[in-house]
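Heads up: the structure comes next, in structure tokens.
The values are calculated or read from the model by the stated rules, or taken from the named source; none is laboratory data. These numbers come from a predicted model, not from an experiment. Using ideal geometry, Cβ is built from the backbone for each residue, glycine included, and neighbour counts are taken over all protein chains shown. Surface areas here come from the heavy atoms of the whole protein model, side chains and all, with no ligands, DNA or RNA. Shrake-Rupley method; radii C 1.70, N 1.55, O 1.52, S 1.80 Å.
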Amino acid sequence: IPTPRAPSPGTPKPLPSHMPLVYAGIDEAGYGPLLGPLCIGLSVFQVDTWNEGSPAPNLWTLLSRGVCRSPNDTRGRVAVDDSKNLKLANSSASRHPLTHLERGVLSFLLIQDGQHDASCPSSDTELFHRVRAASPEEPWYAGPPGLCPVGGPSETFTLSANTLRMACGQAGVAMLDIACEPIGEGVFNELVKAAGTKAAATETGLVKHLWTVWDRWGAAGAEPGGGVRVVCDRQGGRTNYLPMLRRAFPDADVRCTHESDEQSRYEIRAQTGGVDRHMHVLFLVESERQHLPVALASMTAKLVRELLMARFNRHWCARLPELKPTAGYRNDAWRWLEDAKAIITPDERVQLIRTA
């Protein structure tokens, strides 16, 4: 279970003179597979054209000059949607399966914090570093760096980033952060064993991302006219997240403002070190359809997981070249385990398989 921590000591990071809304999304990829990591993504935006008390803005509308949902847009805009809608089949012959996911994530990464001269990551290692995705400890993720980008030359991402930059500038929107928390099989199994549910693994990454937003921008939520909104994709039929949030923020006042079959809303307030902080957290079914930050978080989590699975497959295919790669999902994972049984030791098999 995540261990709460106190905000960083000292003066918080200076905030811009005008920051009406910090708007974040959190989503995961790899909750159901038998093999491979669980990845939890985060994206954070600043939106100037927002009034306190208003609903969260529709960034697909605000950024429509540079963003769309369709990967086949004729205007060359950047597709942002649920990762399941943008990941191409592994059998795709005309384009790399990660083409659309990579274009979205890298294009936003290049404009983070108002950057104008950022370059594309030159390897998966560099990408992991830039989204703070520490590689899991299992040896099958520790191989040499993989190619990045995989979907085309880096110049194409620079052009996409310029399109996004202009759209954001015209709409009063800024890209603040993109991050991912991968959880390898060993940590995943330990968390499940301790808590009795695999939801504990997702909670670990979720709480870490909530603390990032709270730590860096929670003070903006306490400013007059300001706000911090975090939207999280909701898993399964769970509706009550109050105990989890109170464990995560033990020194804060955490209140439930609404719970229903579709959504659960909470408000977090605290004063620590003389600094007031305030944040709203929403858990919403299929939130990636309604909130662009959640969709981008989903894409980030999926991209990191796919690149880690590419390392996974390179590791095992080096030991058995004829071994057909796997994405780790259950039916194919059992096929892969059968095909690879000659090169997997009993201890490795235990380490490989997620227990829930």
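Observations
- Members of segment 242-257 found to be more than 18 Å from HIS278 (Cβ to Cβ), in contact (Cβ under 8 Å) with a residue 24 or more places away in the chain and either in contact with a Ser or Thr (Cβ under 7 Å, 6 or more places away or on another chain) or open to solvent by 40 Å² or more (accessible area, probe 1.4 Å) (or both), listed by number: ARG247
- Of the residues making up segment 109-116, none is small (Gly, Ala, Ser), surrounded by fewer than 22 Cβ atoms within 10 Å (Cβ to Cβ) and assigned to a strand (DSSP E or B).
- Tally, over segment 125-173, of residues that are part of a helix (DSSP H, G or I) and acidic (Asp, Glu): 2
- Taking every residue in segment 198-211 that is farther than 13 Å from TYR241 by Cα and small (Gly, Ala, Ser) and pairing it with any residue that is assigned to a helix (DSSP H, G or I) and open to solvent by 10 Å² or more (accessible area, probe 1.4 Å), at least 6 positions away or on another chain, the pairs with Cβ-Cβ distances below 7 Å are ALA201/LEU191; ALA201/VAL192.
- Cβ separations smaller than 6 Å between residues 6+ apart or across chains give the following pairs from segment 320-336 residues that are of a type outside the set (S, T, N, Q) to residues that are surrounded by fewer than 14 Cβ atoms within 10 Å (Cβ to Cβ): LEU320/ILE343.
- Neighbours by Cβ (under 8 Å, 6+ apart or cross-chain): first from segment 96-118, small (Gly, Ala, Ser); second open to solvent by 20 Å² or more (accessible area, probe 1.4 Å): SER107/THR163; GLY114/ALA174; ALA118/GLN112
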